[in-house]
Amino acid sequence: MSIEQDIAENGRWQRLGHVVHAHRLEAGLTLAQLAEQATLSQSFLSQFENGRSNTSLRSLQRIADALGTTATALLAAADTAPRSPVVRATEDTRLPQADPEDGSVRSLVHGDRNLRALEFTGGRTHGAREFVHDNDELIHVVHGAVTVVAGDEELILTAGDSYYCAAGVRHRWWAHTDDTTTLVLTVADGLTVRRRPHRPRNP
């Protein structure tokens, strides 16, 4: 990593720590209370909020759960890059990962947008965690294969396949290989999507 990349990376962690600190104060939680709810140490959280430590995506998800938000929402709030509609392949928009089996995750949008779009490479450990979203989600396999468990359904998706997961459905998924590439697109939690009223068909 170059000096410039190292500075940018440190700045990103500092901004994320400040975002978590602000959310904790807004939620009326002490550092000790957040640590207990997120099952993380108080000393780690203190260092993280002060920009002296980074975290894995899994730990960030636990922090987000305790704060009543999502990891992607916290990361989006910490993204100070210009709100360009273009994210170049050369831009480093990866999210934090600590375990190599987590794979890598890259954001495909800049800043706090209404649409979340993530590109996963690998991710054999994702199946350990269930998700439930306020809005619908699309899982699309670009390369390789993934297993999706949604509600009572379990199926395997291969390259070119997509799975449409409706809002409120508990689901989890995992990649079969480290080079599997998966796109996940969803409307940001907390936003209300207008839905067509249900009209019963005429008999």
query: What number, in nm² with one decimal, is the all-direction average of the projected area of the convex hull of the alpha-carbon atoms of segment 100-187?
result: 5.3
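Grab the eigenvalues of the alpha-carbon gyration tensor for segment 65-146, scale each by 5, take roots, and send me the semi-axes largest first in whole angstrom. Please list the in-between numbers first.
Values: eigenvalues 82, 59, 37 Å².
The answer is 20, 17, 14 Å, longest axis first.
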task: Starting at the first residue of segment 108-113, write each ³J(HN,Hα) from the Karplus equation 6.51 cos²θ - 1.76 cosθ + 1.60 with θ = phi - 60°, in whole Hz, x for Gly and Pro.
output: 9, 9, 9, x, 8, 9
- request: Answer with one residue from 157, 35, 169: the one whose Cα lies farthest towards the positive end of the charge dipole of the chain, charges on Cβ with Lys, Arg +1 and Asp, Glu -1.
  value: 169
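Can you pull the semi-axes for the chain, root of five times each eigenvalue of the Cα gyration tensor, sorted largest first, whole Å?
Numbers: eigenvalues 171, 90, 63 Å².
Result for the chain: semi-axes of 29, 21, 18 Å.
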- prompt: What's the extension gain from residue 44 to residue 27 if we count 0.36 nm per residue and subtract their Cα-Cα distance?
  reply: 4.2 nm
task: Quick one: net charge around residue 155, please, counting Lys, Arg +1 and Asp, Glu -1 for every other residue with C-beta under 13 Å from its C-beta.
output: -3
message: Could you check the spin-label model distance between residue 128 and residue 159? Points 7 Å from the Cα along Cα→Cβ, value in nm.
response: 2.9
- line: Tilt, helix 3-26 to longest principal axis of the chain (alpha-carbon atoms), in degrees rounded to tens, equals 80
- request: Whenever you get a sec, compute what percent of the accessible area on segment 20-65 sits on carbon and sulfur atoms (1.4 Å probe).
  value: 44
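Gain in length, residue 167 to residue 92, computed as 0.36 nm per residue apart minus the alpha-carbon separation, to one decimal in nm?
Details: separation 75, 0.36 × 75 = 27.00 nm, distance 3.00 nm.
Going from the current span to full extension adds 24.0 nm.
The values are calculated or read from the model by the stated rules, or taken from the named source; none is laboratory data. Source: prediction; values computed, not measured. Because the Cβ atoms are built from the backbone with ideal geometry, glycine has one as well, and the counts that use them run over all protein chains shown. Ligands, DNA and RNA are stripped out before the accessible areas are found, and what is left, the full protein with its side chains, is counted by its heavy atoms. Shrake-Rupley method; radii C 1.70, N 1.55, O 1.52, S 1.80 Å.
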